[in-house]
Amino acid sequence: MLNIPIIRWGESYESLEVDEVLHFSTGESIAKVSQTNGGIISRDMRTAHKAREILRQFTPEELIEKVAAAADLYENATLPMGDGTQSPDDFVHQQSATTGLPEHMCRLNMSKNAFVLEHMSDILDALTRGLPYDVLSNGYGMEERGVMVSYQANCNAAGWVLPSNSPGVHTLWLPVIPLQIGLVLKPGPQEPWTPYRRYEAFAGAGLPR
């Protein structure tokens, strides 16, 4: 059985309070996931500005390159998972076992997430209607049509409550890091696999833990 810790500022933190991730059909315990509480979150959020400061040491172009490099690790590498490791096949088996999704759907979602990582430049271009990256990093700049525009981040870190029933929606939070915004993720109780695997893939590609 895997023991999966809380990740606090890139460091593993094991809590006395844990939640078991169970096989959807047999009830077998597959992993234990440490649980955080409001006090820990409040304490860590006092320094949320560090997340943006650390990411602003990289240009959006550099972050996009690292996110693209993480795509291959996410889809093909054996990565750390709690106190063990996880191959791509392990990921598919475990995600299917705890969510009830057929394994072929888990593989399709995995490919979809990797595709988004690989094509982050095109996705940001669509989301921002072609804003130059220096506008995103500096907070202002000129559009191609010669109009001065402003882009201001409204937070230092974005919080996401993630689902258990549809791992494919994880594509929605992937553009946050290239926008130099930190992430605070609450994994779905039956699907911790995607955010933890993504975290290790990002770290392996050179993004700061």
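The values are calculated or read from the model by the stated rules, or taken from the named source; none is laboratory data. Keep in mind the model is a prediction, meaning the values are calculated, not measured. Reconstructed Cβ throughout: ideal geometry from the backbone, glycine too, with neighbour counts over all protein chains shown. Surface areas here come from the heavy atoms of the whole protein model, side chains and all, with no ligands, DNA or RNA. Shrake-Rupley method; radii C 1.70, N 1.55, O 1.52, S 1.80 Å.
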| request: Return yes when LEU55 is open to solvent by less than 40 Å² (accessible area, probe 1.4 Å), closer than 16 Å to ILE7 by Cα and not basic (Lys, Arg) and no when it is not. | output: no
| field | Some residue of region 58-81 being of a type in the set (S, T, N, Q) and more than 20 Å from PRO178 (Cα to Cα) | value | yes
| Looking at (1) free of Cβ contacts under 8 Å to residues at least 60 places away in the same chain; (2) open to solvent by 40 Å² or more (accessible area, probe 1.4 Å), which is the one condition that is false for SER29? | (2)
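Could you check region 120-209 for helices (runs of 4 or more DSSP H) lying wholly inside it with 3 or more residues that are open to solvent by less than 30 Å² (accessible area, probe 1.4 Å)?
Working: elements: 120-127, 133-138, 193-204.
Hits in region 120-209: 133-138, 193-204.
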| message | Quick test for you: out of LEU73, LEU79, pick the one residue that is in contact with a Gly (Cβ under 6 Å, 6 or more places away or on another chain), surrounded by 14 or more Cβ atoms within 10 Å (Cβ to Cβ) and modelled with pLDDT of 95 or more. | response | LEU73
| remark: Subset of region 89-119, residues within 20 Å of LYS32 (Cβ to Cβ) and open to solvent by less than 20 Å² (accessible area, probe 1.4 Å), comes to PHE91, GLN95, SER96, ALA97, THR98
| query | Which residues, counting only those in region 175-209, are of a type in the set (A, V, I, L, M, F, W, C) and in contact with a Lys or Arg (Cβ under 7 Å, 6 or more places away or on another chain)? | reply | ILE181, ALA203, ALA205, LEU207
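Would you say VAL67 is touching a residue at least 24 places away in the same chain (Cβ under 8 Å), out of contact with any Asp or Glu (no Cβ under 6 Å at 6 or more places or on another chain) and over 30 Å from PRO132 (Cα atoms)?
No, not satisfied.
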| note | The correct count of residues that are within 18 Å of the chain's Cα centre (by Cα) and over 21 Å from VAL161 (Cβ atoms) in region 11-48 is 2
| Using beta carbons and a limit of 9 Å, which pairs, at least six apart or on different chains, have the first residue in region 94-115 and on the phi > 0 side of the Ramachandran plot and the second one hydrophobic (A, V, I, L, M, F, W, C)? | GLY100/PHE24
| If you scan region 71-118, which residues turn out to be within 29 Å of VAL18 (Cα to Cα) and among the aliphatic types (A, V, I, L, M)? | LEU73, ALA77, LEU79, MET81, VAL92, ALA97, LEU101, MET105, MET110
| field | Residue that is under 22 Å from LEU63 (Cα atoms) and at pLDDT 90 or above, where the choices are LEU162, LEU101, LEU136, LEU207 | value | LEU207
